[in-house]
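**Student:** Quick one: the structure is below, and I'll ask about it shortly.
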Amino acid sequence: MTMAPDSIRLSDTTDAAETTTRTETLTMAAALNRALADALAADPEVVVFGEDVGALGGVFRITDGLTARFGEDRCFDTPLAESGIVGTAVGMAMNGMRPVVEMQFDAFALPAFEQIVSHVAKLGNRTRGAMRMPLVIRIPFGGGIGGVEHHCDSSEAYYAHTPGLTVVCPSTPQDAYSLLRAAIASPDPVVFLEPKKLYWTKGEVDTSVTASIGSARVARDGTDATLLAYGSAVPLALEAAEVAAEEGRSVQVVDVRSLSPFDDETVTAAVRATGRAVVIAEAPGYVSVASEIQARVFERCFEFLEAPVRKVTGFDIPYAPPKFEHWYLPDVDRILDALDTLHWEDES
């Protein structure tokens with residue numbers, strides 16, 4: 001499995017102790033680390049904990065240097081008991097703290113699922129808003145790292161289906177920083193999905209830029225068709241749009257990034273403008289976030305559509321072994337094939 005090597009530390013490339021407002025080139029991992037450091041520095045009620053997040057800095061080194069800077073009271077390791085991690089965070093949040101917990105790998109969060117659904121998501125409603133739940137659950141998710149099942153699952157549909165949870169997923173270092181800061185500042189619980197495949201991608205990050213949870217962004221303009229994606233599917237969609245441009249088609253890319261709440265306004269406007277759409281996601285397609293996006297587009301854009309809305313997703317099987325994951329994950333060819341079915345006027 002490909003993870004952050006022991007020789008790579010975020011502190012080697014960026015000073016995690018320094019809070020700045022200048023634009024820097026950071027990996028997504030470093031941007032998340034910076035967001036956590038800035039949140040810890042800004043608010044004494046913020047605490048970070050989970051399995052191996054202390055001295056080790058996390059499996060993917062996202063919490064590197066935080067314990068050294070802020071102490072073991074602010075960033076600390078826990079036993080290997082995810083339900084206990086989330087249950088502890090619930091108690092902290094009920095008492096005015098802002099816990100940020102790491103689940104280490106996507107499927108590792110499943111032992112805590114009952115806590116998340118029964119307590120994290122429902123406490124605000126159960127108390128009629130008298131008690132809020134300012135809690136962030138960070139979940140590294142998705143494939144593309146040469147891992148096996150339980151380490152490469154895409155479980156976003158479980159959380160997006162649960163009323164009371166906000167679910168966001170960045171695709172760029174800038175959004176990783178800004179959305180995590182917004183999630184930590186939120187008075188309500190946020191499931192923060194981090195695409196493992198993108199941890200070591202680089203981009204410009206301005207730490208003064210704030211994010212609005214619940215908004216999509218247009219990542220590329222286009223006039224002929226719209227690709228709707230989130231997480232690691234966004235750079236894939238951008239790559240497919242580049243190839244489509246060489247073939248004479250102008251393809252727009254929208255980064256959904258907020259799965260719940262969902263930005264119907266931006267997505268609807270984008271699809272109505274082009275009349276064609278393809279939804280792209282790593283997760284299996286059946287009863288998925290991609291299916292929901294597809295349905296929402298059909299409902300809101302039907303009279304504007306030139307063709308059915310297509311989906312390019314993972315297959316409805318358990319995650320493939322490392323040697324076969326490239327067959328399982330969406331790729332540029334599958335996206336281009338979907339685009340080719342969108343009833344073009346120049347078809348013979």
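The values are calculated or read from the model by the stated rules, or taken from the named source; none is laboratory data. From a predicted model like this one, the values you see are computed outputs, not experimental measurements. Here the Cβ is made from the backbone with ideal geometry for all residues, glycine too, and neighbour counts use every protein chain on show. When the accessible area is computed, the model is the full protein with side chains, heavy atoms only, and any ligands, DNA or RNA have been set aside. Shrake-Rupley method; radii C 1.70, N 1.55, O 1.52, S 1.80 Å.
**Student:** So which strands (runs of 3 or more DSSP E) stay within the stretch 69-145 end to end and still have 1 or more residues that are β-branched (Val, Ile, Thr)?
**Tutor:** Correct list: 98-102, 136-141.
**Student:** Something else: Name the single residue that is nearest to the chain's Cα centre (by Cα) among those in the stretch 321-335 being at pLDDT 95 or above and surrounded by fewer than 18 Cβ atoms within 10 Å (Cβ to Cβ).
**Tutor:** Asp331
**Student:** Right, something else. From the list Val90, Val136, Val59, which residue is modelled with pLDDT of 95 or more, surrounded by 16 or more Cβ atoms within 10 Å (Cβ to Cβ) and more than 26 Å from Glu292 (Cβ to Cβ)?
**Tutor:** It is Val90.
**Student:** If Val287 meets every condition in (1) open to solvent by 10 Å² or more (accessible area, probe 1.4 Å); (2) under 25 Å from Ser155 (Cβ atoms); (3) assigned to a helix (DSSP H, G or I) apart from one, which number is that one?
**Tutor:** (3)
**Student:** Would you pick out the residues in the stretch 221-266 that are outside any helix (DSSP H, G or I), β-branched (Val, Ile, Thr) and open to solvent by less than 20 Å² (accessible area, probe 1.4 Å)?
**Tutor:** Thr226, Val251, Val253, Val254, Val256
**Student:** Considering only residues that are closer than 14 Å to Glu282 by Cα, outside any loop (DSSP other than H, G, I, E, B) and open to solvent by 70 Å² or more (accessible area, probe 1.4 Å), which ones fall in the stretch 307-320?
**Tutor:** Scanning the stretch 307-320 gives a single hit, Lys311.
**Student:** Can you pull out the residues in the stretch 249-269 that are more than 11 Å from the chain's Cα centre (by Cα) and among the hydrophobic types (A, V, I, L, M, F, W, C)?
**Tutor:** Val251, Val253, Val254, Phe262, Val267, Ala269 - these are the residues of the stretch 249-269 that are more than 11 Å from the chain's Cα centre (by Cα) and among the hydrophobic types (A, V, I, L, M, F, W, C).
**Student:** Could you grab me the full set of residues in the stretch 270-284 that are under 23 Å from the mean Cα position of the chain (by Cα) and either at pLDDT below 95 or in a helix (DSSP H, G or I) (or both)?
**Tutor:** If the condition is that a residue be under 23 Å from the mean Cα position of the chain (by Cα) and either at pLDDT below 95 or in a helix (DSSP H, G or I) (or both), then Ala270, Val271 are the ones that fit.
**Student:** Among residues belonging to the stretch 156-181 that are free of Cβ contacts under 8 Å to residues at least 60 places away in the same chain and part of a loop (DSSP other than H, G, I, E, B), point out the one that is most open to solvent (accessible area, probe 1.4 Å).
**Tutor:** Looking at the filtered set, the residue picked out is His161.
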